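The values are calculated or read from the model by the stated rules, or taken from the named source; none is laboratory data. The model shown is predicted, which means the values in this text are computed figures rather than measured ones. Cβ placement follows ideal geometry from the backbone for every residue including glycine, while neighbour counts extend to all protein chains displayed. Surface accessibility is based on the protein's heavy atoms, side chains included, excluding ligands, DNA and RNA. Shrake-Rupley method; radii C 1.70, N 1.55, O 1.52, S 1.80 Å.
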Amino acid sequence: MKITKIFTFDSSHMLDGHDGKCQNLHGHTYRLEVTVADSLIQGGAKDGMVMDFTDLKAIVKQEITEPFDHAFIYDGSNERESQIAALLEGWNMKTLRLDRRTTAENMTVEMFGRLKKAGLKVCSVKLWETPTSCAEYGEV
Ligand SMILES: [Zn+2]
């Protein structure tokens, strides 16, 4: 059985070295779909549930929404992006360092890893960068 919960957050980023407009600093209202797969809980307060949506929301909030929302998300291995992050941090602005380029594809891998590490039985993460563009990553 699978359940999915949808979240939104706003972040800024850039793709240094991109051969188009995405090399510029810009932002997205990201839409995130987290799918959890498990058997149904038998008996007790959570009878008939994969997991409580409230508990799912709390984990995603802690691992993703809070660190990513209104942050400049950057690739810590990239010189230019790191310089911009250092400037923002000097002004006490929110940043989030990732160890990979901040494409939607890489961000789904990052988010999947964070949720799995937090103990969630996540089966897939789908990240919408615009209303018509998304990346999906999952593991069986
Ligand atoms: Zn972008």
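Does the stretch 88-140 hold any residues that are surrounded by fewer than 13 Cβ atoms within 10 Å (Cβ to Cβ) and in contact with a His (Cβ under 8 Å, 6 or more places away or on another chain), and which are they?
The one that is surrounded by fewer than 13 Cβ atoms within 10 Å (Cβ to Cβ) and in contact with a His (Cβ under 8 Å, 6 or more places away or on another chain): THR130.
Among the residues that make up the stretch 75-92, is at least one of them in contact with a Ser or Thr (Cβ under 7 Å, 6 or more places away or on another chain) and in contact (Cβ under 8 Å) with a residue 40 or more places away in the chain? Don't jump to the end; show me each part of the working.
First, the residues of the stretch 75-92 that are in contact with a Ser or Thr (Cβ under 7 Å, 6 or more places away or on another chain): 75-76, 85, 88-89.
Now narrow it down to the ones that are in contact (Cβ under 8 Å) with a residue 40 or more places away in the chain: 75.
Yes - at least one qualifying residue is present in the stretch 75-92.
Kindly evaluate ARG101 against the criterion of being modelled with pLDDT of 95 or more, within 16 Å of the ligand (Cβ to nearest atom) and assigned to a loop (DSSP other than H, G, I, E, B). Give the steps one after another, and end with the answer.
Values: modelled with pLDDT of 95 or more: yes; within 16 Å of the ligand (Cβ to nearest atom): yes; assigned to a loop (DSSP other than H, G, I, E, B): yes.
Taking the combined requirement at face value, the residue satisfies it.
For the stretch 75-88, indicate whether the set of residues that are in contact with a strand residue (DSSP E or B) (Cβ under 7 Å, 6 or more places away or on another chain), under 24 Å from TYR137 (Cβ atoms) and more than 16 Å from the ligand (Cβ to nearest atom) is non-empty.
Checked against the condition, which is being in contact with a strand residue (DSSP E or B) (Cβ under 7 Å, 6 or more places away or on another chain), under 24 Å from TYR137 (Cβ atoms) and more than 16 Å from the ligand (Cβ to nearest atom), the stretch 75-88 yields at least one hit.
Of the residues in the stretch 57-87, how many are among the acidic types (Asp, Glu), open to solvent by 50 Å² or more (accessible area, probe 1.4 Å) and closer than 16 Å to PHE7 by Cβ?
Filtering the stretch 57-87 down to residues among the acidic types (Asp, Glu) leaves 63, 66, 69, 75, 79, 81.
From what's left, open to solvent by 50 Å² or more (accessible area, probe 1.4 Å): 66, 79.
Still in the running and closer than 16 Å to PHE7 by Cβ: 66.
Adding up the residues that qualify gives 1.
Mind checking which residues of the stretch 104-140 are charged (D, E, K, R), assigned to a loop (DSSP other than H, G, I, E, B) and either in contact with a strand residue (DSSP E or B) (Cβ under 6 Å, 6 or more places away or on another chain) or modelled with pLDDT of 95 or more (or both)? Break it down into steps so the answer makes sense when it comes.
Taking the stretch 104-140 and keeping what is charged (D, E, K, R), we get 105, 110, 114, 116-117, 121, 126, 129, 136, 139.
Now narrow it down to the ones that are assigned to a loop (DSSP other than H, G, I, E, B): 121, 139.
Within the stretch 104-140, LYS121 is the sole residue that qualifies.
Please determine, by comparing only the residues of the stretch 26-56 that are exposed (fewer than 13 other Cβ atoms within 10 Å of the Cβ) and in a loop (DSSP other than H, G, I, E, B), which one is farthest from the ligand (Cβ to nearest atom).
Selected residue: GLY43.
Which residues, counting only those in the stretch 9-25, are crowded, with 18+ Cβ neighbours inside 10 Å and within 11 Å of the ligand (Cβ to nearest atom)?
SER11, SER12, HIS13, MET14, LEU15
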